[in-house]
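Please treat every number below as a calculation from the coordinates, not as lab data. The structure presented is a predicted model; accordingly, all values stated were derived computationally and were not measured. Glycine also receives a Cβ, built like all others from the backbone with ideal geometry; neighbour counts cover every protein chain displayed.
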Amino acid sequence: MDPPAITRHRRPFLAPFWVVLLTAVAAACVVYAFRRNATTTVVVLVMSAERQSGTIDDPPLSAEGEQRAQRLAQMFGAAAGPGRLDAVYVSDDRRAQQTAAPLLERLRAAAVRYSSPDARAAAAGLLRTHAGEDILVVGSAADIREFLVELAGSAPAPAAAEAGPDLLYIVSVPSLGSARLLRLRY
């Protein structure tokens, strides 16, 4: 005996509703997972502070440079909570190490050292190693230019890069989209 005609037609009528509902739920799950994994890496680039006048190849910081290093430690020296740095990268030259020393002492942390000729490779490694973190980089003007090219895709004009050690570059590198660059004086 054949089933009643009413039940035969009721199932095909509800099938499109269930297909649309399941598709919407699956799409919402994919969007949620995608957005949850999206991160932004923030890199703050600082040039080495002022050097003492002299003729040696790698001079130490001047008195003004030491004051600037202390100001940098006050700005980024939060040991916990919002604004805490996850890593500090420092060039192998003396002035960069002396500029970062008060900050590292305040954070009770060790710096990741890179050599100046390998600045671009260090920038690429920084993005892989510290995705979604906040990083400070201290180096020479040439190092900062290499980091900017690697992270933001462009370097500042040579006159802007040589404008002085009181420039701070903040590069925001999202996992989705393009990098943004902000230049400040401190």
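Ordering 119-127, 26-34 by mean Cβ neighbour count within 10 Å, with the highest value first, yields 119-127, 26-34.
Please quote Rg/Rh for region 106-148 to two decimal places, taking the Kirkwood radius as Rh and restricting both calculations to Cα atoms. Don't skip to the answer; put the middle values down first.
Working: Rg = 10.7 Å, Rh = 11.2 Å.
Rg/Rh for region 106-148 comes to 0.96.
Peptides 179-185, 107-113, 138-144, 68-74 ranked from most to least packed give 138-144, 68-74, 107-113, 179-185, packing being the mean of other C-beta atoms within 10 angstrom over each peptide's residues.
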